[in-house]
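These notes concern the structure reproduced below.
The values are calculated or read from the model by the stated rules, or taken from the named source; none is laboratory data. If you're wondering where the values come from, they're calculated on a predicted model, not measured in any experiment. So basically every Cβ, Gly included, is an ideal-geometry build from the backbone, and we count neighbours across all protein chains shown. The accessibility values were calculated without ligands, DNA or RNA, using every heavy atom of the protein model including side chains. Shrake-Rupley method; radii C 1.70, N 1.55, O 1.52, S 1.80 Å.
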Amino acid sequence: MTEVIEGHGGELALAALRAFGVTEMFTLSGGHVFPLYDAAHRTDFPIYDVRHEQTAVFAAEAVAKLQRRPGLAVLTAGPGVTNGISALTSAFFNASPVLVLGGRAPAFRWGSGSLQEFDHVPLIAPITKHAGTIGATDAIPGEVTAALTAALTAHRGPAFLDIPLEVVFSTGEAAAPGEPAVPVIEADPDDVARAAALLASAQRPVIIAGSDVWGGDAITELRAAAEALQVPVFTNGMGRGALPPSHPLAFAKARRPALNEADVVCVIGTPLDFRLGFGEFPAAQVVHIVDAPSQRATHVEPAVSPAGDLRRVLAAIADHPGDRTDHADWIAGLRSAEDAGRARDAEAMAAETDLIKPARVYGELRKVLAPDAVTIGDGGDFVSYAGRFLEPAQPGTWLDPGPYGCLGTGMGYAMGARVTYPGRQICVLLGDGAAGFSLMDAESLVRQGLPVVMVVGNNGIWGLEKHPMQAMYGYDVAADLQPGLRYDEVVRALGGAGETVEKASEIGPALERAFAAGVPYLVNVLTDPGDAYPRSSNLA
């Protein structure tokens, strides 16, 4: 006999959410969604509230990224939903299975001008896997189940449902949610075999592994494939840490010679976008392994592009039965380049200068970060250095905005990371420009007892804009911030703690105090405004 559940709309929604492993809600209070709060409050389902709706969605995305299961944000109608759109778009680009439940003005009075009456769905449909309006209370569990299933089906991504006022406040009944059934995409075995043969027979192969390798829970299979075929591995996004830095096939500093000289580049679980030169490598055939056919590149022609469950694809590559070329000389050459790069970096990270170089900040951070620390990057110029100088020791410990490049992730990602890992170090790296997007939500961290360490690289400018504009035009506009601004005093005023650092020798002791404080703590490091991250534009 089918089990039936009864209750108001909030209770029916939470029943479906729990079936998918959702254990918390991120929100900013609004009357349209009170029944969801009521259902959570009466069943000890944690509610974390914020000062801006984008922070709630970013927090839900951090949970989705770190735990590889749905994260939940609940937003009130109208501006509550639209304030979350940039964060939803980031989740879309990052393949993060976030569900946003939105309030909605009453359907029975639609068109009469109710408070915050707005049809969200047409605006949100292009940036979600699934978007819709729930029309009846009894339909809520089924609609939530369908949205979460879509979010978890490769290629993963966010989903959105709004619920009219009278629907969520009314009572109803429905069949109890069953076990989630998420379809698995099988890759064409001929494509997989060809990809394996190309990697195995190449003279100078390279693997680049991205976020979907983590999101698809394929870290073990990636290592097995790389080790079986003896192929050097580079990573980006949440692929970072897939192989520990000490692994003989793990590389980070030798990327340029590797990609310039490779004859086969195998890109796994990340798009051929601006971060990878749009997939144009000088002398290499490209193998593009993706988790769904929709992710195959259309602007370049890969030699082969297997599309399907990454665990199964990589396990099959590891078991490749054909001949394998000896890559020892290729690996040894890259290791020499890697070692030379590490030596240059070590010198930069120890720089003693009157104006603090960003590299020195990361040199000091490396000394205090635990292997399982979660590091969050929210910024442009300052965070670009983090990508160069910080090497995650474990997978699933690096969070950045991803290819959409949306600033303001910091406090939300910090909240989601702290909720996920109550006992780990959580460190947020902020440019001073990025701090302006979300620093008020340090108050949310303080109020809810969620300690994190924030490090602001404070150079008083928009670094990725000021220096290129100077180079292009000989002048710059709209690129200056207040020099020496006391972001630490902002966090102190919000109930946390912090300090400003003006000398390189003060960075290490300040970081030690921050991690020992047990409250949200901001270390405001005044950095050299003339020191710009050296990279060419990849915008076009």
*Would you list the strands (runs of 3 or more DSSP E) that sit entirely within the range 151-223 and hold 3 or more residues that are open to solvent by less than 10 Å² (accessible area, probe 1.4 Å)?*
159-164, 205-209
_Members of the range 448-477 found to be under 30 Å from Val491 (Cα atoms) and acidic (Asp, Glu), listed by number_ = Glu465
_Thr2, sole failed condition from (1) farther than 14 Å from Val419 by Cβ; (2) of a type outside the set (Gly, Ala, Ser); (3) surrounded by fewer than 19 Cβ atoms within 10 Å (Cβ to Cβ); (4) in contact with a Ser or Thr (Cβ under 7 Å, 6 or more places away or on another chain)_ = (4)
_Unique residue being out of contact with any Cys (no Cβ under 6 Å at 6 or more places or on another chain), acidic (Asp, Glu) and more than 18 Å from Ile207 (Cα to Cα) when the list is Glu347, Glu280_ = Glu347
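Within the range 116-125, identify whether any single residue is within 23 Å of Asp217 (Cα to Cα), in a helix (DSSP H, G or I) and touching a helix residue (DSSP H, G or I) at 6+ places or on another chain (Cβ under 9 Å), and answer yes or no.
For the range 116-125, residues within 23 Å of Asp217 (Cα to Cα), in a helix (DSSP H, G or I) and touching a helix residue (DSSP H, G or I) at 6+ places or on another chain (Cβ under 9 Å): absent.
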*Just for the range 5-31: of the residues that are open to solvent by 50 Å² or more (accessible area, probe 1.4 Å) and touching a strand residue (DSSP E or B) at 6+ places or on another chain (Cβ under 8 Å), which one is farthest from Ala176 (Cα to Cα)?*
Ser29
*Within the range 299-353, can you find the residues that are polar (S, T, N, Q) and open to solvent by less than 20 Å² (accessible area, probe 1.4 Å)?*
Ser305
_Test for Pro141: is it modelled with pLDDT of 95 or more and within 16 Å of Val22 (Cα to Cα)_ = yes
*Which members of the range 32-70 meet the condition of being among the small types (Gly, Ala, Ser) and either more than 30 Å from Ile219 (Cα to Cα) or surrounded by fewer than 21 Cβ atoms within 10 Å (Cβ to Cβ) (or both)?*
Ala39, Ala40
*Asp273 is checked against (1) of a type in the set (D, E, K, R); (2) within 25 Å of the chain's Cα centre (by Cα); (3) open to solvent by 50 Å² or more (accessible area, probe 1.4 Å) and fails just one. What number does that condition carry?*
(3)
*Could you count how many residues in the range 6-54 are touching a residue at least 40 places away in the same chain (Cβ under 8 Å) and assigned to a loop (DSSP other than H, G, I, E, B)?*
11
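For every residue, the table says whether it meets (1) over 22 Å from Arg194 (Cα atoms); (2) part of a loop (DSSP other than H, G, I, E, B); (3) at pLDDT 95 or above.
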position	(1), (2), (3)
Arg275	yes, no, no
Val286	no, no, yes
Ser294	no, no, yes
Arg311	no, no, yes
His320	no, yes, yes
Asp326	no, yes, yes
Ala340	yes, no, yes
Ala343	yes, no, yes
*Please specify each residue of the range 134-148 satisfying the condition of being crowded, with 17+ Cβ neighbours inside 10 Å and within 27 Å of the chain's Cα centre (by Cα).*
Glu143, Val144, Thr145, Ala147, Leu148
*asked:* Which count do you get for residues in the range 71-94 that are open to solvent by 10 Å² or more (accessible area, probe 1.4 Å), closer than 13 Å to Thr128 by Cα and either over 19 Å from the mean Cα position of the chain (by Cα) or not hydroxyl-bearing (Ser, Thr, Tyr) (or both)?
replied: 4
*Limited to the range 242-260, what total is found for residues that are under 25 Å from the mean Cα position of the chain (by Cα) and under 14 Å from Ala226 (Cβ atoms)?*
7
*Considering each of Asp432, Asp381 in turn, give the residue that is acidic (Asp, Glu) and at pLDDT 95 or above.*
Asp432
*asked:* With the requirement that a residue be of a type in the set (Ser, Thr, Tyr) and outside any loop (DSSP other than H, G, I, E, B), what does the range 349-388 give you?
replied: Tyr362, Thr375, Ser384, Tyr385
*Test each condition in (1) under 22 Å from Gly408 (Cα atoms); (2) out of contact with any strand residue (DSSP E or B) (no Cβ under 8 Å at 6 or more places or on another chain); (3) in a loop (DSSP other than H, G, I, E, B) for Ser86 and report the one that comes out false.*
(3)
*What are the residues in the range 354-367 that are crowded, with 18+ Cβ neighbours inside 10 Å and not small (Gly, Ala, Ser), if any?*
Ile356, Lys357, Pro358, Arg360, Val361, Tyr362, Glu364, Leu365
*Mind listing whichever residues of the range 95-127 are touching a residue at least 60 places away in the same chain (Cβ under 8 Å), in contact with an Asp or Glu (Cβ under 8 Å, 6 or more places away or on another chain) and buried (at least 24 other Cβ atoms within 10 Å of the Cβ)?*
Ala95, Ser96, Val98, Leu101, Gly102, Gly103, Arg104
*Taking only pairs six or more apart or across chains, which ones have beta-carbon atoms under 7 Å, a first residue in the range 416-430 that is touching a residue at least 12 places away in the same chain (Cβ under 8 Å), and a second residue that is part of a loop (DSSP other than H, G, I, E, B) and acidic (Asp, Glu)?*
Val419/Glu24; Arg424/Asp372
